[in-house]
Amino acid sequence: GGSIGSELARQLLSGGAERIYLFGHGENSIYQIDRELRLLQEGGVGEKATIVPVIGELKDREYMRYIIRQLKCDVVFHAAAYKHVPLMEANPVAVVENNVFGTANILDACLESGVKRFVLISTDKAVEPVSIYGASKMLCERLVLEAAKKARGDSSYMFVRFGNVLGSRGSILPLFIDQVKKGGPVTVTDPNMVRYFMTIPEACSLVLKTGGVG
């Protein structure tokens, strides 16, 4: 239901996926992308694909084991995370519980059910992390590397890191735009700071390449 997950679903639909499961805990966001994909199908995009919305919670370990076993999916793209850095500094228990334990739950469920490919959406903030969000994603990456060792021979478990994705939830750009509209100040960390951006479709294309070639 998030910006990255939704764009992945659009690209998978147009790329010829047979069946797409939309998993999330926010009913409104899942409803929106489900409706959008069905409108695309009406327009001739991926008409033969089956789209299945699933409401659930990553933190519910037993439910994750149950649902992954039931769905019998080939590939899992894990794009769910709390990612607002200052907000997560104030809520360290929530970010670890959601990001780290949630990732552990879905990884264990995928290993148990023999899911062939698993792709975690990670972040450049996982490199030598200086925030609780970055640290949580670093732990998620380590969990994926451990799962990769346990996975069956023909399976691939991997992660891909993003920097700033233009217009995604959690992107810094909307904040900068609001600050400029108000006449400033624009809160950059340092005058020498350089930021690089990619668009949501570019980012998702990178994810699909990762999932395709590992």
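The values are calculated or read from the model by the stated rules, or taken from the named source; none is laboratory data. All of these numbers come straight from a predicted model, not from anything done at the bench. Cβ placement follows ideal geometry from the backbone for every residue including glycine, while neighbour counts extend to all protein chains displayed. Please note that ligands, DNA and RNA were not included when accessible areas were found on the heavy atoms of the full protein model with its side chains. Shrake-Rupley method; radii C 1.70, N 1.55, O 1.52, S 1.80 Å.
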In nanometres, the difference between 0.36 nm per residue of separation and the alpha-carbon distance of Glu202 and Leu145 is 18.0 nm
What nm distance separates the two modelled labels at Leu175 and Thr50, each placed 7 Å from Cα along Cα→Cβ? 4.3 nm
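Please give the charge dipole size of the chain, origin at the Cα centre, charges +1 on K and R Cβ atoms and -1 on D and E Cβ atoms. Round to the nearest 20 debye. Please report the intermediate quantities before stating the final value.
Numbers: 25 positive and 23 negative charges, 52 e Å.
Dipole of the chain, to the nearest 20 debye: 240 debye.
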Projected area averaged over orientations for the range 101-214, convex hull of C-alpha atoms, nm²: 8.5 nm²
Could you check the spin-label model distance between Asp190 and Glu27? Points 7 Å from the Cα along Cα→Cβ, value in nm. 4.8 nm
Using a 1.4 Å probe on the protein heavy atoms, what percent of the accessible area of the chain belongs to carbon and sulfur? 54 percent
Low-density loop trypsin sites (Lys or Arg not before Pro), the range 96-170, at most 11 other Cβ within 10 Å, DSSP non-H/G/I/E/B, are Arg152
In the range 69-117, the chymotrypsin sites (Phe, Trp or Tyr not before Pro) that sit in a DSSP loop and have at most 15 other Cβ atoms within 10 Å of their own Cβ are none
Lys pairs in the chain, Cα-Cα under 17 Å, at least 8 apart or on separate chains: how many? 9
Please list the non-local residues whose amide H lies under 5 Å from the amide H of Val76, H modeled 1.01 Å from N, same-chain partners needing a gap of 5 or more. Arg117, Phe118, Val119
Can you give me the distance in nm between label points at Tyr63 and Glu112, each placed 7 Å from the Cα along the Cα-to-Cβ direction? 1.5 nm
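How far, in nm, would the chain grow between Ala90 and Arg152 when pulled straight, counting 0.36 nm per residue and subtracting the alpha carbon separation?
18.4 nm
With only alpha-carbon pairs counted, each pair once and no self-pairs, how large is the Kirkwood hydrodynamic radius of the chain in angstroms?
On the way: mean 1/r = 0.0550 Å⁻¹.
Roughly 18.2 Å, rounded to one decimal.
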Please state the charge dipole magnitude for the range 144-214, taken about the Cα centre, from unit charges on C-beta atoms (+1 on K and R, -1 on D and E), reported in debye and rounded to the nearest 20. 120 debye
Along the range 58-72, what does the Karplus equation 6.51 cos²θ - 1.76 cosθ + 1.60 (θ = phi - 60°) give for ³J(HN,Hα), rounded to whole Hz, x for Gly and Pro? 4, 6, 8, 4, 5, 5, 4, 4, 5, 6, 5, 5, 6, 6, 6
